[in-house]
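To keep things clear, I will list the structure first and then write my remarks on it.
Quick note: the coordinates plus some simple rules give every number you see, no bench work behind them. Owing to the predicted nature of the structure, the values given are computational and were not obtained by experimental measurement. Cβ placement follows ideal geometry from the backbone for every residue including glycine, while neighbour counts extend to all protein chains displayed.
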Amino acid sequence: MEEYKANQELSQAIQENRKLLRETLGKFFLDLAKIAFSTMVVGSIVSIITGQNPSASWCLAIVGFGTTCVLIFIGYKMIKLKGKVKIWHR
């Protein structure tokens, strides 16, 4: 009975660690999305407004917007995963 209880506690601790890892990775990707948006999109819009090489700035804005969307999607999926991914443990 003691062994069963110890296994249950270990299993619960592993599940909590997995959840914490998923949330941390999700937040990391959301932070990357914020950085990508602020550097690529906002920076290129400022370049467009000032008139410095508008065609390259538009391309950078589009790539930045796409990158931001992909990173937001990855972060959202990481946070919303519910035990579907196995994380190796002993």
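Contact order normalised by length for the chain, with contacts defined as Cα pairs under 8 Å and 6 or more residues apart; what percent is it? All intermediate terms of the calculation are to be shown ahead of the outcome.
Numbers: 65 pairs, mean separation 34.3, N = 90.
That works out to 38 percent.
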- Message: Using only the alpha-carbon atoms, how far is helix 54-80 inclined from the longest principal axis of the chain? Give it as 0 to 90 degrees, nearest 10.
- Response: 10
- Message: Taking every pair of distinct Cα atoms and averaging 1/r, then inverting, what Kirkwood hydrodynamic radius in Å comes out for the chain?
- Response: 15.6
- Sorted by Cβ density within 10 Å, fewest first, the residues Lys34, Lys80: Lys80, Lys34
- Message: Can you compute 3J(HN,Hα) from phi for each residue in segment 21-34, using the Karplus curve 6.51 cos²θ - 1.76 cosθ + 1.60 with θ = phi - 60°, rounded to whole Hz and x for Gly and Pro?
- Response: 5, 4, 5, 5, 5, x, 5, 4, 5, 5, 5, 4, 5, 5
- Task: Give me the distance in nm between label points sitting 7 Å out from Cα along the Cα-to-Cβ direction at Ile35 and Leu21, one decimal.
- Result: 2.2
